[in-house]
Amino acid sequence: LKPFVLIRSKLQLRPRQLGLDGAMENTPEQWYKNLPILTRIGLTVIFGVTVLVQLEILNPMLIYLNWPLVINKLQVWRLLTSVFFFGKFSFQFLFQLYFFSSFSSKLENNEIFAQPGDYLFFLLCQILLLDVLSLVLAWPSGYPMLGPALVFAILYYWSRREPYASLNFFSFTIKGYQFPFALIFFQLLIGGNIWMDLLGLASGHIYYFLKEVVPAEYGYTMIKTPAFLVNFMSQYAPRGVGGGGGAAGRATGTAGGAMGGGGGQAPPPPAPPTNFGGTGHRLGGN
């Protein structure tokens, strides 16, 4: 089982946000609505698929990754659906869901994914990378369920984007870049299987190397979000927000922009992050 990690954030909790709709209630509904769009969709799909499997309405064999069926029977949906099932409801399922919703939210709001469509392209790249890597490690079918590996890939890439964020791990304070390796070490100590973690770590690191290291060191842009994904996600992007801001960025603004809109002038500076948005933003300090 994944360890329970106490993460205390320096969120600026406001009972009223600039007078919008009265008090902000800390309810499950409000939490769900405040999730970034792709994290919210992913969480909904994962939970929905698990319910269907638990009620024996959906046969999980139909969504498992199986490369011979993908190639010979053209069941290409298996390349995507294998990440939406973590197993039936259990304690470990809750941990996986918690890690996904928490770290996917942080990463989706990170400035590296400021352009609409960037985070969707990241997820698609991770899924396809996991499909290929699982084929190498588990020839010829691949690993059937890649959901935990996707969660670990998200967690690992977040640790590269927020390397000095503070986390409390069994009363020890560790940094963000140490967190993935602490989880793997804990899995070894309790006799768990670390292959899904290693698979996610490899996938996340390949993306990090191609996305950030290669352009910085060699001057080549290896990964760029396709224009059609940018255009598609632009219709769901917050209006009047310059770069990856969340609900707080939409709620605040200058007096001249009170009527909304995204005119031709430069957007106002972003408000202080309320959703673990920027690099160097610490989680869990006193």
Next item on the list: Percent of Cα-Cα pairs per 10 Å bin, from 0 to the last occupied bin, for segment 43-86, please list those.
Entry: 30, 49, 20, 0
Next item on the list: Using a Förster distance of 35 angstrom, determine the FRET efficiency expected from the C-beta separation of GLU212 and PHE89, and round it to 0.05.
Entry: 0.40
Notebook entry, point to check: Of the peptides 212-224, 41-53, how do they stack up when ordered by the mean number of other Cβ atoms within 10 Å, highest first?
Noted result: 41-53, 212-224
Check: What pairs in LYS73/LYS106; LYS33/LYS73; LYS175/LYS211 have C-alpha atoms more than 32 Å from each other?
Finding: LYS73/LYS106; LYS33/LYS73
Check: For the pair GLU29 and LEU124, what calculated FRET efficiency results from E = 1/(1 + (r/R0)^6), where r is the Cβ-Cβ distance and R0 = 35 Å, to the nearest 0.05?
Finding: 0.75
Note to self: Taking θ = phi - 60°, what integer Hz values does the Karplus form 6.51 cos²θ - 1.76 cosθ + 1.60 yield along segment 118-127, in sequence order, with x for Gly and Pro?
What the structure shows: 5, 6, 4, 5, 4, 4, 5, 4, 5, 4
Notebook entry, point to check: Per Stokes-Einstein, at 10 °C and 1.306 mPa s, what whole-number D in µm² s⁻¹ belongs to segment 71-204, with the Kirkwood radius over Cα pairs as the hydrodynamic radius?
Noted result: 102 µm²/s
Checklist line | Percentage relative contact order, segment 102-226, counting C-alpha pairs under 8 Å, at least six apart | finding: 26 percent
Next item on the list: Specify the inter-centroid distance of segment 177-222 and segment 71-108, based on alpha-carbon positions, in whole Å.
Entry: 18 Å
Margin query: Run through segment 148-213 and list the chymotrypsin sites (Phe, Trp or Tyr not before Pro) located in a DSSP loop whose Cβ has at most 10 other Cβ atoms within 10 Å.
Written below: none
Notebook entry, point to check: Mind checking Rg over Rh on segment 126-233, alpha carbons, Kirkwood formula for Rh?
Noted result: 1.03
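Rule-based calculations on the coordinates, nothing more; no lab input. Predicted model only: the values in this text are computed from it and were never measured. Note that each Cβ is placed from the backbone with ideal geometry, even for glycine, and that neighbours are counted across all protein chains shown.
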